[in-house]
Amino acid sequence: MHGHGARGGHRFRKGADRAIVLVGNPNVGKSVVFGLLTGQYVTVSNYPGTTVEIAQGTTGFHGSRSVVIDMPGINSLIPMSEDERVTRDILLKERSQVVLQVADAKNLRRALLITLQLAEMELPLILDLNMTDEARSRGISIDSRRLSDILGIEAIPTVATRREGTDRLVKELSNPRVSKYTVKYDRRIEEAVGKIAELLPEQPISRRSLALMLLAGDTSLVPWLKAYLREDIITKIDQIRQAVQAHYPDRLSYVINQQRMEAVDSIMKEVYSVTDKTGTSLAAHLSRWSMHPVGGIPILLGVLYLVYKFVGEFGAGTAVDFLEGVIFGRYLNPWSVRLVEYLVPISIVRDLLVGEYGLITMGLTYAVAIVLPIVGTFFVAFGLLEDSGYLPRLATMVNRLFKIIGLNGKAVLPMVLGLGCDTMATLTTRILETAKERILVTLLLALAIPCSAQLGVVLGMLGTLSLRAALVWAGVVLGVLLAVGFLSSRFIPGRGSDFILELPPIRIPQFSNMLLKTAARIEWYLKEVVPLFLLGTAVLFAFDKLQLLDIIRKAASPVIVGLLGLPIQATEAFLLGFLRRDYGAAGLFMLAKAGQLNPNQTVVSLVTITLFVPCIANFFMIIKERGLKTALGMVGFIFPFAFLVGGLLNIALKYLGVSL
Amino acid sequence: MGNEATDELLELLWILREEGEDRLTEVLQAAEAANAEETLRNMAREGLINLRSDRVILRQEGKKRAEEIVRRHRLAERLLWEVLELEQRYIHPEACRFEHILSPEVTESICTLLGHPHICPHGKPIPRGECCTKFKTEVKPLVVRLIDLEAGEEGTITFIVPRSHSRLDRLLALGITPGSVVKLHQKRPSYVIQVGETELAVDDEIAHDIYVKRGIERKGQ
Ligand SMILES: Nc1nc2c(ncn2[C@@H]2O[C@H](COP(=O)(O)OP(=O)(O)O)[C@@H](O)[C@H]2O)c(=O)[nH]1
Ligand SMILES: [Zn+2]
């Protein structure tokens, strides 16, 4: 564990003189400030050994080059989440760093709680009081000069989106100060801190702050402790901690933070004042409406409709047609076929590249021409919802609904993303807090959330049938979603997480910030997901060459014909369906068009294929995120279960004599 | 009234019993007084407890007295906390002194004043008294749960039930602390609350665990 961190330290400062670390609560404008400091070129990477993403860029002024590191938003430096732990670790390990804390001026109280912890660490620190425009419009004024005096560091008011005050920010960054402010804790705590500090080695951050973290019982420090301290000293520290703890009814971490909060409140009294608010703004009204128990529903449906129009019709329709039909179909694929045939003499390699199941003609075409426009438009829509502040309100609307299936409102984000691409959505289950929630959402995504590639074909086929047929399909899939969610949330061990979700004000999204975010996400998609599509294609290619496809076809046909009551040709569609979800649906589409499926059979086959694991890339992603064992378990459940539900539907329709 | 050493031990036995602990060794370890063992033997002689092999068991009489002491202690804590707004760290030691001196009448008036609270500031149950059933509906409680406010109403947080430590830490980092003013925006489809300029959507359980005094009472402003 500690090895990771040490390597991280070097990795984040290749060649630069120093590191500027951006720290702050979530949603305070850190990304905007980061963009201002670094310009365009940024790389997003995972902190070693974690799923936490860190953006890095460089900036140069006054002849020195600095790496700028954008940390995820945090609320405390006594870590309660992986994001907070990584931030704390970077501060703990990085040498010659400057900390730039971005604060939301109107939420100064929460920001100062972090400031005091940074001051405690005795790191060179600059405080950016951002969003002063929003603070002003709420009648809040902050005496930044007084604040600066109290803390002994620069406190600079800015409006990052309008570049107000940012010149001064850049200027002060070259000459940061270490805060002289110290929180005075209870005598008992102070004594213990003194005793523990004596036992600690020299570190990039002050011993006092480390001692306080240890006193707070921060278990995430254990790897660090083990790396730096002898066993007997660790035991001694623990004894000191327990002796102090015995005097307080509350846990020490809470006691310490409460005393910090008292210090914050006394600073607040001197620098922060609220004059009468100037009425309720339009944004505040919008916020209330968007979460209204009744009025919020049409807004929700309206938003979903717009997203569907943009992603489902423009992205999955117009853009895909253009990329697949014109760019790849007319130019790239024919060119690469010719190029490969000219350059590569070995036929099997040629097939691997540009054959029926070729990496270029099938894999790349699928990943770039079909999925990319869909996820690309989806990222734009998602970014708009995110930056406008609607997403957390959507989560608030559906929280109680999600509780039924053992989740909370936060899970709405990956679920909605799943309608774009399940593989991507599986990746974003990282935002969920507990392992149980991540497994549950991964399972439900794979089972019951059709991705846009498939949804298009499914809706197209249902469109040719009756409304009743469409309702049966939707009803069964939704029923499965709820039932499986409800039951598995009771069987999967572990616990759910608290639903505490911050609702930032409704804002008009800023174009450049959106652009930056979308670009970073697309880069992420190209790096993390596209290789999986290629791998999937390679597997399909191998199956084909080894004639395994035929064997599977033969083995599966009794189930398809006997249980589902479908013609034998449907087997092909199901098989392909796993490898490429839209292929499966498209295969069924062909069968239906050729008159080989009656409406009942169509609905049965659509239900079954919707419930299937979306595609092989999704399967790989599940392995990657959840591990092989879990992935096999899920697949082992989903395939038989999909056939079972399809079979039951077939029998029920037959028995009831319903024809759709 | 018995002596203080006996009272302290009775209180300790009650608290340990809440945690399901009645082993003699544990009791002796938790007791602060040096001569605890002797006091226990005296108490057994007075018929307050039974000492059986390794267990200490409260008898009828002892249980009744322990309950009263704990009730006085925890009511005193609530009083200090809510009305005098003493900081949490001073509450426990102060309440320790109160528990020995409050008369039954005063205890009842405090209970009534506070609206017959169910739990102490640390989330432990307050044993019920006679007044609690008798006057239940007559006094409008000073302190209510957040969920009892009307949508749009404001209150000052008096305490938060510490159901889990990490939740408490998280709420604190978001500015939800005793003394802060909270506004309840809506109850459905989820609870939405605001502290300062921070707006949060929270689970029902969390809203259930936050107690507030109606109206605004900014500390020191
Ligand atoms: N009104 C206003 N909005 C800002 C300011 N700085 C950033 N924002 C907006 O606040 C939102 C969150 O900013 P972002 O940089 O993504 O926050 P982060 O989560 O801290 O990285 C975006 O919609 C920004 O456009 C500011 O100074 N004033
Ligand atoms: Zn009462």
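Some notes on this structure:
- Cα gyration tensor shape of region A:18-178, rounded if a/c is under 1.5, else prolate or oblate by comparing a/b with b/c: rounded
- Listed by Cβ neighbour count within 10 Å, with the fewest neighbours leading, B:His92, B:His73, A:His247, A:His285 appear as A:His285, A:His247, B:His92, B:His73.
- Note on the protein assembly as shown: with charges restricted to the Cβ of Lys and Arg (+1) and Asp and Glu (-1), its dipole about the Cα centre is near 1520 debye.
- Calculated FRET value between A:Ile568 and A:Phe310, using beta carbons and R₀ = 45 Å, to 0.05: 0.65
- When each of A:Lys93/A:Lys180; A:Lys171/A:Lys527; A:Lys184/A:Lys226; A:Lys30/A:Lys410 is checked by Cα-Cα distance, pairs over 25 Å: A:Lys171/A:Lys527; A:Lys184/A:Lys226
- Exposure proxy ranking for A:Lys30, B:Lys124, based on other Cβ atoms within 10 angstrom of each Cβ and starting from the fewest, stands as B:Lys124, A:Lys30.
- Distance in nm between pseudo-label sites at A:Glu270 and B:His208 (7 Å out along the Cβ direction from Cα): 4.4 nm
- Cα-centre dipole for region B:1-141 with unit charges at Cβ (Lys and Arg positive, Asp and Glu negative), debye to 20: 520 debye
- When DSSP beta bridges are restricted to pairs lying wholly in the protein assembly as shown, around 70% turn out antiparallel.
- Kirkwood-type hydrodynamic radius, region A:243-372: 21.8 Å, calculated from all non-identical alpha-carbon pairs.
- Alpha-carbon centroids, region A:175-239 and region A:370-410: separation in whole Å: 41 Å
- Intensity falloff of region A:187-274 expressed as log10 I(q)/I(0), Debye formula with alpha-carbon point scatterers, at q = 0.11, 0.14, 0.26 Å⁻¹: -0.35, -0.53, -1.37
- A Förster distance of 45 Å, applied to the separation of the beta-carbon atoms of A:Lys554 and A:Val326, puts the FRET efficiency at 0.70.
- The relative contact order of chain A, computed from alpha carbon pairs under 8 Å that lie at least 6 residues apart in sequence, is 10 percent.
- Per-residue Karplus couplings for region B:23-36, computed as 6.51 cos²θ - 1.76 cosθ + 1.60 with θ equal to phi - 60°, are listed in order as 6, 4, 4, 5, 4, 5, 5, 6, 5, 7, 5, 6, 9, 4 Hz, Gly and Pro entered as x.
- Among the listed pairs A:Lys309/A:Lys545; A:Lys403/B:Lys63; A:Lys236/A:Lys269; A:Lys545/A:Lys624, those beyond 30 Å (Cα-Cα): A:Lys309/A:Lys545; A:Lys403/B:Lys63; A:Lys236/A:Lys269
- Across region B:1-141, the relative contact order, built from alpha-carbon pairs under 8 Å that are at least six residues apart, equals 20 percent.
- Fewest-first ranking of A:Leu343, B:Leu13, A:Leu455, using other Cβ atoms within 10 Å as the exposure measure: A:Leu343, A:Leu455, B:Leu13
- Spin-label model distance (nm) - A:Ala435 vs B:Glu19, 7 Å beyond Cα toward Cβ: 2.8 nm
- Once both labels are positioned 7 Å from their Cα atoms along Cα-to-Cβ, the gap between B:Arg97 and A:Leu282 label points is 6.0 nm.
- Helical runs (DSSP H, four residues minimum) scored at -39500 (n - 2.57) apiece and divided by the length of chain A put the mean residue ellipticity at 222 nm at -18500 deg cm²/dmol.
- When the Cα atoms of region A:514-660 are aligned to their principal axes, the ranges along those axes come out at 55, 41, 32 Å in descending order.
- Prolate/oblate/rounded call for region B:143-214, Cα gyration tensor, a/c under 1.5 rounded: rounded
Bear in mind these aren't lab numbers, they're just calculated from the coordinates by the rules spelled out. Small disclaimer: the values here were computed from a predicted structure and weren't measured. Quick reminder, even Gly has a Cβ in these numbers, built from the backbone with ideal geometry, and neighbours come from all protein chains shown.
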